[in-house]
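Right, one structure below, let's go through it.
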Amino acid sequence: MSTVKITPSAAAFSTSIKHFANIQRPKFIAPRRAFTIISMAPLEICVKQSVTTPNKLGDCPFTQRVLLTLEEKNLPYDMKYVDLRNKPEWFLKISPEGKVPLIKLDEKWVPDSDVITQALEEKFPQPPLTTPPEKASVGSKIFPKFVAFLKSKDPSDGTEQELLDELTAFNDYLKENGPFINGNEVSAADLSLGPKLYHLEIALGHYKNWSVPDSFPYVKSYMKSIFSRESFINTRALKEDVIEGWRPKVMG
Ligand SMILES: N[C@@H](CCC(=O)N[C@@H](CS)C(=O)NCC(=O)O)C(=O)O
């Protein structure tokens, strides 16, 4: 089993201080909290292993969503790479469904990124990442529309237009409410959507020579800003893995 331990970096530490400073909490809280976090045992998380490069993280957007949550909350974690094409016995024992992400919380293995991110929010509420319920599904139709367009072999079947319609709605939303889904601060909905937009950009660029049109400036700067966060850079899949990951769906 191949594992890699991640501890919050000095940069993550200073980001947390900045965050506390922004919301004008008394300054002494930040060092106290940072000390607590850094001293905890890393959380164990099973992640998809790269299919192109040994000992690298693979291309699962649900796994990246959970890793982003851990990073944004400055929680240390220990990744266990799982080869999903040849699932090892130890993994199938703890994951009857055979899916990643899977995280150990209070001595129990917990599957599903929805359940995991909710549990992390309850157990580690600082910094808060909850998206208000009325905004939680903003942008959520983009992913299924992207997949339909990517798989489509008929340029006139309307799947591109359906994706463009969702991007129009999201661009309008960000113009009024952005720069993030919940306004000025990143929240759980962004951490779910960001990895999916990353897949969209790479897969549509590669397989359809398609990119998000310039007529969506708010979506474009949203993507740029999410993709350049330290948490995102630390947890993103390799471009080659994203391309390989979608190949069977495109060819199928
Ligand atoms: N609803 C799950 C979906 C997780 C999922 O579909 N994971 C994929 C990898 S991205 C997986 O493990 N598939 C099992 C397989 O490929 O055998 C979540 O949000 O965590």
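The values are calculated or read from the model by the stated rules, or taken from the named source; none is laboratory data. Not measured: the values here are computed from a predicted model. Using ideal geometry, Cβ is built from the backbone for each residue, glycine included, and neighbour counts are taken over all protein chains shown.
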Wholly within segment 75-131, strands (runs of 3 or more DSSP E) carrying at least 1 residues that are without any contact (Cβ under 8 Å) to a residue 24 or more places away in the chain and within 13 Å of the ligand (Cβ to nearest atom): 108-111
Picking from T52, T36, T15, which residue would you name as being modelled with pLDDT of 95 or more and either polar (S, T, N, Q) or not in a loop (DSSP other than H, G, I, E, B) (or both)? T52
Among the residues in segment 210-220, are any more than 15 Å from the ligand (Cβ to nearest atom) and surrounded by 21 or more Cβ atoms within 10 Å (Cβ to Cβ)? yes
Quick one: E122 ticks every box in (1) of a type in the set (D, E); (2) over 30 Å from V250 (Cα atoms); (3) crowded, with 16+ Cβ neighbours inside 10 Å except a single one, so which number is it? (3)
Please state which of the following conditions N171 fails to meet, knowing it meets all the rest: (1) within 22 Å of E244 (Cα to Cα); (2) over 19 Å from the mean Cα position of the chain (by Cα); (3) of a type in the set (S, T, N, Q). (1)
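Select from segment 221-252 the residues that are assigned to a loop (DSSP other than H, G, I, E, B) and within 16 Å of the ligand (Cβ to nearest atom) and write down the one among them that is nearest to N182 (Cα to Cα).
R236
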Every listed condition ((1) away from the ligand (no atom under 11 Å from the Cβ); (2) surrounded by fewer than 16 Cβ atoms within 10 Å (Cβ to Cβ); (3) modelled with pLDDT of 95 or more; (4) of a type outside the set (K, R)) holds for P31 save (3)
In the list P76, P54, which residue meets the criterion of being farther than 13 Å from T235 by Cβ and surrounded by 15 or more Cβ atoms within 10 Å (Cβ to Cβ)? P76
Leading residue by the ranking (nearest to V82 (Cα to Cα)) among those in segment 38-65 that are of a type in the set (S, T, Y) and more than 9 Å from the ligand (Cβ to nearest atom): S50
Index of the failed condition, P101 passing every other in (1) of a type outside the set (V, I, T); (2) in contact with a helix residue (DSSP H, G or I) (Cβ under 8 Å, 6 or more places away or on another chain); (3) surrounded by fewer than 20 Cβ atoms within 10 Å (Cβ to Cβ): (3)
Does K145 satisfy being of a type in the set (K, R), surrounded by 15 or more Cβ atoms within 10 Å (Cβ to Cβ), away from the ligand (no atom under 12 Å from the Cβ) and in contact (Cβ under 8 Å) with a residue 60 or more places away in the chain? no
Cβ-Cβ under 8 Å, sequence separation 6+ or interchain: first residue in segment 174-187 and under 15 Å from R229 (Cβ atoms), partner hydroxyl-bearing (S, T, Y) and surrounded by fewer than 16 Cβ atoms within 10 Å (Cβ to Cβ). Which pairs? P179/S221; S187/T130
